[in-house]
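Participant: Sharing a structure here in structure tokens format.
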Amino acid sequence: MKIFKLFFIIYLISSFNNLEASNDDIKSKITKNLRCLVCQGQSVYDSDSEFAISMKILVDKKLAEGFSEIQIYDFFKERYGEWILYDPELNKNTYILWLLPILIFVIGGAIIIKSFIIKKN
Amino acid sequence: MKNKLLPIFITLIFIIIFIFFYKGLQNTSIYTPQTKISNKIPSFKGDLFYSDETINSSNFFKSEKFYLLNVWSSWCVPCRKEHVLLMDLKEVKKLKVVGINYKDKKINAENFLSELGNPYEKIIFDQEGIIAIEWGAYGVPESFLIKDEVIIKRYIGPLDKKLTEEIKSIIK
């Protein structure tokens, strides 16, 4: 019986840890994608400036309020513009950035396939 | 066919890359936020400085007058310089000066105000810096000119003589 109790306690503790970790994961994922605007070149996650500390507290609060990752990004985008996100979205300013690698990949593939066909012939 | 196409593609790609980098040279890498905005004020909740009253954004900017919301702190050196101008703006009839006390200790802020005077009609106490972010502020000092619950203009950094004259002319 004692062993059961012990296992139960260990199970409880470990499950608490998991709960904490998953919330932290999302938080660090979000803060890594947010740019610290007063210390440019650093993410909010990396920075310890006053601005970044406040942003981290706010991300925590929004997560506790049940905001999703995208909703939090939208919240910051509305206030600071799209520049605050490290991961650029697909829009009219960034479509070349997203499509050029695919285009080069396709063209390169076409060249390789073509050269194979020519070789076979 | 193959021999003709390949150099064309390569030069084309190089030209595209060149244009991109060349254009990129002229862009500044320092982010300057927009100063002319006309956004609705954000919704926020906060505690007032001199009372324990909690205020809500929906009834804070109700009056017909213009509002100047100033983000300040006692530890911020430029705020000290700016303070004289705020005291001056306090005398303008059509304007209400309100403050957000950003990441400050209450005692220090009180000393600051008793030393230099209090231009603010109301002060929101923002110890965690969260309300300032709700406003899209970068730091201290920063000011927002508000009319009818719309942000007309924002001033990043300390106000100076020229900017206060600008504010006065906007109000008139």
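The values are calculated or read from the model by the stated rules, or taken from the named source; none is laboratory data. From a predicted model like this one, the values you see are computed outputs, not experimental measurements. With ideal geometry, Cβ positions are generated from the backbone for all residues, glycine too; neighbour counts draw on all protein chains shown. We work out accessible area using only protein heavy atoms, side chains counted, and drop any ligands, DNA or RNA first. Shrake-Rupley method; radii C 1.70, N 1.55, O 1.52, S 1.80 Å.
Participant: Hey, rough spin-label estimate for B:S63 and B:F21, points 7 angstrom out along Cα→Cβ, what's it come to in nanometres?
Facilitator: 5.9 nm
Participant: Something else now. How many square angstrom of accessible surface are buried between A and B, both sides summed, with a 1.4 Å probe and rounding to 100? Could the numbers behind the result be given before it?
Facilitator: Working: alone 9720 and 11110 Å², together 18810 Å².
Chains A and B together bury roughly 2000 Å² of accessible area.
Participant: Dividing the Cα radius of gyration by the Kirkwood radius, what Rg/Rh value follows for the range B:57-120? Intermediate values should be presented prior to the final figure.
Facilitator: Values: Rg = 12.2 Å, Rh = 12.4 Å.
Value, to two decimals: 0.98.
Participant: I've got another one for you. So, for the protein assembly as shown, what is the accessible surface per residue at a probe of 1.4 Å, expressed in square angstrom?
Facilitator: 64 Å²
Participant: Another one. Among the lysines, which have Cα under 18 Å from the Cα of B:K81 when same-chain residues fewer than 8 positions away are ignored?
Facilitator: B:K90, B:K161, B:K162
Participant: Using a 10 Å cut-off on Cβ to Cβ distances, tally the other chain neighbours for every residue of B:126-134 and report the average as a whole number.
Facilitator: Values: counts 1, 0, 5, 8, 5, 2, 4, 9, 3.
Mean inter-chain Cβ contacts per residue within 10 Å come to 4.
Participant: Computed FRET efficiency, Cβ-Cβ of B:E149 and A:W83, R0 22 Å: what is it to the nearest 0.05? List each step's numbers first, then the result.
Facilitator: On the way: r = 26 Å, r/R0 = 1.18.
According to the calculation, E is roughly 0.25.
Participant: For chain B, what percent of Cα pairs sit more than 22 Å apart? Don't jump to the answer; show the numbers that get you there.
Facilitator: Working: 7432 of 14706 pairs.
The answer is 51 percent, as a whole percent.
Participant: What lysines could a cross-link reach from A:K32, if we take a straight Cα to Cα line under 24 Å and drop same-chain neighbours fewer than 8 places away?
Facilitator: A:K56, A:K61, A:K62, A:K77, B:K103
Participant: Taking the Cα atoms of chain A alone, what are Rg (to one decimal) and Dmax (as a whole number) in Å?
Facilitator: Calculated on Cα positions, Rg and Dmax stand at 23.3, 78 Å.
Participant: How large is the Rg to Rh ratio of the range A:26-87 when both quantities use alpha carbon positions and Rh follows Kirkwood? Don't jump to the answer; show the numbers that get you there.
Facilitator: Working: Rg = 10.4 Å, Rh = 11.3 Å.
Ratio of gyration radius to Kirkwood radius: 0.92.
Participant: Something else about it: Of all the C-alpha pairs in the protein assembly as shown, what % are more than 35 Å from each other?
Facilitator: Working: 17226 of 42778 pairs.
Percent of Cα pairs beyond 35 Å in the protein assembly as shown: 40.
Participant: While we're here: Per residue of the protein assembly as shown, what 222 nm ellipticity follows from adding -39500 (n - 2.57) for every DSSP H run with n ≥ 4, rounded to the nearest 500? Could the numbers behind the result be given before it?
Facilitator: On the way: 9 runs with 151 residues, N = 293.
Roughly -17000 deg cm²/dmol at 222 nm, from the helical runs in the protein assembly as shown.
Participant: Suppose each label sits 7 Å from its Cα in the direction of the beta carbon; what would the A:K114-A:L100 distance come out to in nanometres?
Facilitator: It works out to 2.2 nm between the two label points.
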